[in-house]
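Worksheet for the structure shown next.
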Amino acid sequence: MDEKDLIKTLSGLEESLIKLFESAQQKQDALVHNNLKLLEDAVSAEERFIRSVANAEKSRITILAEYNKKLDLNLTSLKLSDFISGARNKLDEKSVAKIIKLQNRIKRHIQNIEALNMQNQYLIDTARDFIKSIISELVGPQRKSFLDRRV
């Protein structure tokens, strides 16, 4: 294992996060345009990319654990920031710079995904409230079903 493996894994994680963001955007478009087929496709793609992110994360943890042993870093956690601070003087400067750039881009992608997911949750909650208000208007104050009323 060397820095190239870690950089490759982080690059794969970044690609998966980009695709996850794109599928979340697709999901938002489907919600706004009420396109059920597009929504199903987006959710399916999102699940695939979440698995991909999880696999890349497992790979990252494995690589950092091996580095921890190989370089005798005695890290208490397998966070990338802890690894960088512990191994900074034991690795090539160019590799450390690449890792830091990847780490910053990954953080940015995660923040973008979180913001988009909050927007999507707002859309879903608003739609749910709208449906509840329509149902309560149909049922009326007596709480009788609209279909059970006699004409």
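Tabulated results
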| item | result |
| --- | --- |
| Residue match in region 107-114 (condition: touching a residue at least 60 places away in the same chain (Cβ under 8 Å), in contact with an Asp or Glu (Cβ under 7 Å, 6 or more places away or on another chain) and under 26 Å from residue 27 (Cα atoms)) | yes |
| Candidate set from region 1-43 (those that are outside any helix (DSSP H, G or I) and either of a type outside the set (D, E, K, R) or touching an Asp or Glu at 6+ places or on another chain (Cβ under 8 Å) (or both)); member that is modelled with the lowest pLDDT | 1 |
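The values are calculated or read from the model by the stated rules, or taken from the named source; none is laboratory data. Quick caveat, the model's predicted, so the values are computed rather than measured. Every residue, glycine among them, receives a Cβ derived from its backbone with ideal geometry; neighbour counts consider all protein chains shown.
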